[in-house]
Each structure stands twice: as C-alpha cells, then as structure tokens.
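Remarks on the structure that follows.
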Amino acid sequence: MVENMEQFGKLEAFFGAKKGNEVDDMPVNKTNKTLGDIPFSVLDLSPIIAGGNPSESFRNTLELAQLAEKWGYNRYWLAEHHNMPFIASSATSVVIGHVAAGTSTIRVGSGGIMLPNHSPLVIAEQFGTLESLFPGRIDLGLGRAPGTDQRTARALRRDTRNDGQDFPLQLDELRAYFDPSLASHTMPVKAIPGDGLNLPIWLLGSSGFSAQLAGQLGLPFAYASHFSPANTVPALEVYRRSFKPSKVLDKPYAIVGVNVIAAETDEEANLLGTTLQQQFLNLIRGKEMQLQPPVGSMDNLWSEYEKQAVEQQLGSSIFGSPSTVKDKLQTFLDNTQADEIMVNTQVFDHKARLRSYEIVADIIKHVTYEQFF
C-alpha cells in the first residue's frame, strides 16, 4: 500500500492515471501490416539488480546496445528516472553519449527526458552537443512527468507547483533553440551547440495530453504501453485524429513501448517475468529495492488485490516462447497499428535479457524472410 505522496509520485511516473480496458481487450483492427513491415527498437532503463551496481549496469547497457545494433534494431532509447534504486540512467544524456560512442549506426536517444525537471536551454545544449558528436544518430524524446517523487523533484530545483501544464511553453522554447524560425520573437540567447541543428524531437506520453499536443504540432509520438496499457489505443486515436502535417512529418508516426520477455519456452519466460512483476509489486507497496531475482511462484508474495493491480499495469506485456511472442506481438500490432515497436525487457539475468532481445530480432527476421520468399 502506498503510504505517502512521495511514493505516489513514483507510481505516477511509472503507471499513469487512466483506467479502462487493456490493449488485448480492444477490437482487433484487421490490416495487412505485419511484424516485418515496421522497425523494432530498444528501451533501456540500465537496470540495477540486487547485488549489482551502476558500473555493472552501464557495462551491460553498452553490451546490449552493441548487440542490438548487430541484430538490426532501429534505435536505442534510455529513460530519465530519479531516486529509484533499480534504475541507473538518471543522468540520461551522459549515458546516451556512452552508448553512442560505443556503437556506430543505431540511433540513440532519450525515452525520455522529463523536460519540467530542466531548463530548456540546458537540454538544447546537451543534445546539441550529442548531435554534434554523433551527427544524424540522436533522438530527443520528451516527457512532461517528473519521473520521480515530489521530494526528489524539489532536490532537482524544480518548481513543485508546476503540474506540467506549462510543458507546451517549455517545448516551444526548446524547439526554438534548435530552429529560431519557430520563435515568435528574436531569440536573445542561443544554444551553442544546438542552434540550427536538425534534431528529431519526439513527445512521449501515457495519456491523451501529449498525444494531442504531438498531433497538433505534427511531431512523432511515443506511447508508454509498457507501464500504462489501459489508455494505449485511445491515446493513439487522439494523436492520429489531431495530427496536422508539418515540416517534420507529413503523416502521423507512433512508437508504442511494450514489455517483452522471450525465452526458449513459455515456462522459462514466465519465470523470468516474475522479476518484472516483483518490480511493479514493490512500486505499489512503496518499497525501494533493486531488481530482484525470479521466483518460482508469485502466489506467496502478493495478495489477490495486489495481483490484480500488477496485472492491470502489465496488461500489454508479452512473455513466452518464440512462437508465443510472435503471435502476441502480431496481435499487439493489429490492435495498436504502431509504426514502430519499442521493446523493454526487465530481466534479472543479463544473459537471459540479451537472449530475449535476440529472440525478438530472430522473429522479425523470419517474418521478413517469409514475406519475400
């Protein structure tokens, strides 16, 4: 049970506020789009496991990024969260530089930077620097949640009275640092590096707010179905309905994040998945701990109420063997009509985590091969 508002802030950062039917309960939208038609990407929180440390997490992150590039993943995003013992990617732009320096072709970016925690100028300079170092490979994904609790937000020197409603103004300012023609007045301050750079900006969200804003501005949108599945399809519909062509995009483009744990058998995948279930159970309870090893059964760990709460938040998650994951990913694509799927895999054992991403890559390759031969 959440005991105070500090923990509630962390729950909001992960879970969102909407309730409703899960993605799998939505009517399937029959199309000819298959898994081989869209790119797949990686979301990484640089997880810190029990008994581990951030240095180990960053080494694992780089190894995963290098293999993801080899396996054909399109982009590799890292997320900003603070004061969470199981996440090492709090200094997100620094970790992005680490990953980009250790790879050569895969796009690297933020999924995302929580803009209300920062000055838009600082983010423009940081990502202007990254784009200058690694031209044509950097993405700037932006969210409007704090990514933490209120106490930590105060430690970040953030106005805690700000509930994110001024996010559109912050976004306007940030975009104008890269493209001064977007400003309503002459910019007296320039972002150097940053000024004049063509850096892709994405809006991230788990509700309709950022979906509608992304659509109105003609920007690409990424939805966090991996922790807020209930509102996935409605938010995507809002984005597509409100979309206005821009010099960035002539039609909507949506990434949808999803938890995937793939293994050789359904049983092994479900066992590995208990680590993710424990992570969400601990968040619900307000317990602070690193990523826990898998357990044979969750029955002795959670109450029936807690089980339902965790399963609701993980409603779109996909655990299984290669054939199970293939079928469930296709259903997920049918329901969301995603233009790109971003896979998040929170697994205790690093080798099992790598193997899960490799299995997903193999699935995509086999589907693509079957389409052409």
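A compact table of results
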read-out: Peptide ranges 239-249, 253-263 listed from the most packed, as the mean C-beta count within 10 angstrom indicates; value: 253-263, 239-249
read-out: Three-way shape label, segment 180-244, alpha-carbon gyration tensor, a/c 1.5; value: prolate
read-out: Solvent exposure of the chain as accessible area per residue, Å², 1.4 Å probe; value: 43 Å²
read-out: With every protein chain in place, segment 76-153: carbon and sulfur % of accessible area (1.4 Å); value: 58 percent
read-out: Cα shape, segment 296-363, gyration tensor, a/c 1.5 rule; value: oblate
read-out: Relative contact order of segment 232-373, defined on C-alpha pairs under 8 angstrom at six or more residues apart (%); value: 38 percent
read-out: For the chain, calculated [θ]222 nm from helices alone, where every DSSP H run of n ≥ 4 adds -39500 (n - 2.57); value: -13500 deg cm²/dmol
read-out: Carbon/sulfur fraction of accessible area - segment 282-373, other protein chains in place, 1.4 Å, %; value: 52 percent
read-out: Size of charge dipole - segment 209-360 - debye, nearest 20, with Cβ of Lys, Arg +1 and Asp, Glu -1, no other charges; value: 660 debye
read-out: Gyration tensor verdict on the chain (Cα atoms; rounded if a/c is under 1.5, prolate if a/b is larger than b/c, oblate otherwise); value: rounded
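The values are calculated or read from the model by the stated rules, or taken from the named source; none is laboratory data. Source: prediction; values computed, not measured. A quick note on method: Cβ atoms are made from the backbone with ideal geometry, for glycine too, and the neighbour counts reach across all protein chains shown. For the accessible areas, the whole protein counts, side chains as well, though only heavy atoms, and no ligand, DNA or RNA atoms are used. Shrake-Rupley method; radii C 1.70, N 1.55, O 1.52, S 1.80 Å.
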